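**Q** Encoded as structure tokens, here's the structure I'll be asking about.
Readers should treat all values here as calculations from the given coordinates under stated rules, not as data from a laboratory. Please read all numbers here as calculations on a predicted model, not as lab measurements. Using ideal geometry, Cβ is built from the backbone for each residue, glycine included, and neighbour counts are taken over all protein chains shown.
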Amino acid sequence: MEGAGDVTGCRVAPLAFALLLLASCAGPVSAQDETPVAPASSRPSAGTIATFLGGAALGLGMHEGGHVATALLFDADPGIKSVSFGPIPFFAITHDPVSPAREYTISAAGFWMQAASSEWILTRRPNLRGERAPLAKGVLAFHVAASTAYAFAAFAGVGPQERDTLSMAASLRCKEPWVGAMVLAPAAFDVWRYRNPGSTWARWASRAAKAGLVLAVIRAAR
């Protein structure tokens, strides 16, 4: 495991997996956006699918933007380098060595952005599942897929050394699977909220899990 002062960035293995998840769910999720006025309209249009995927791209931008913004805030000189997971090429956003608390903040900032945007979407549009809103659904789908992918990498201990969950675990001085559970919990609760908009317990459990991701920085600062 890398020390808390090592560079961090966007992680190829979980994000590649997230893109595969998005590709498999784009059709079914987008299909809910169409009003079934006739059999021919039961399939999502090309525009609906494109908007859904655009929302997913926006979700990716939010995640990576969180890393960059916090690295700039701490004057940690963010940069980009090529990384790969097996044959899959990707990139990583790197930064200079910082304290454990700042390392955790930079590494977790992507999930903080996901939490904030998902909460905004589900609070503003609690009945999103029944709405024709492919952009918002694309953003939410990416957040869920990315969190699931990162959690999978954390539980299995796979992927490049630059992955967020590994850096977060090093900063918190804990096992990486614990961070995987912290990342997965908000996504799981948000899926439940999406499918059951009237669930009060899921709404507050989701918010508590998201707050926990932020408050964990206190442990990293000790």
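**Q** Under the Karplus relation 6.51 cos²θ - 1.76 cosθ + 1.60, θ = phi - 60°, what is the ordered set of whole-Hz ³J(HN,Hα) values for the stretch 213-220, x standing for Gly and Pro?
**A** 4, 7, 5, 4, 4, 5, 5, 5
**Q** Along the stretch 128-141, what does the Karplus equation 6.51 cos²θ - 1.76 cosθ + 1.60 (θ = phi - 60°) give for ³J(HN,Hα), rounded to whole Hz, x for Gly and Pro?
**A** 4, 4, x, 9, 8, 9, x, 5, 4, 5, x, 4, 5, 4
**Q** Once the convex hull of the C-alpha atoms of the stretch 138-222 is built, how many Å³ does it hold per residue, rounded to a whole number?
**A** 91
**Q** What is the set of long-range amide H partners of Ile80 at a cut-off below 5 Å, with H atoms built 1.01 Å from backbone N?
**A** Thr94
**Q** Based only on other Cβ atoms within 10 Å, what is the fewest-to-most ordering of Ile121, Ile80?
**A** Ile80, Ile121
**Q** Counting other beta carbons within 10 Å of each Cβ, put Tyr104, Tyr150 in order, fewest first.
**A** Numbers: Tyr104 27, Tyr150 31.
Ordered from fewest to most neighbouring Cβ atoms within 10 Å, Tyr104, Tyr150 come out as Tyr104, Tyr150.
**Q** How about Lys175: which lysines have a C-alpha closer than 29 Å to its C-alpha, ignoring those fewer than 8 places off in the same chain?
**A** Hits, sequence-local ones excluded: Lys81, Lys210.
**Q** What's the extension gain from Ser99 to Leu215 if we count 0.36 nm per residue and subtract their Cα-Cα distance?
**A** Working: separation 116, 0.36 × 116 = 41.76 nm, distance 1.65 nm.
Value of the extension gain: 40.1 nm.
**Q** Using the number of other C-beta atoms within 10 angstrom as an exposure proxy, rank Glu103, Glu162, Glu64, Glu131 with the fewest first.
**A** Lowest to highest Cβ neighbour count: Glu131, Glu64, Glu162, Glu103.
**Q** What ratio of Cα Rg to 2.2 N^0.38 Å holds for the stretch 73-222?
**A** The stretch 73-222 yields a ratio of 1.09.
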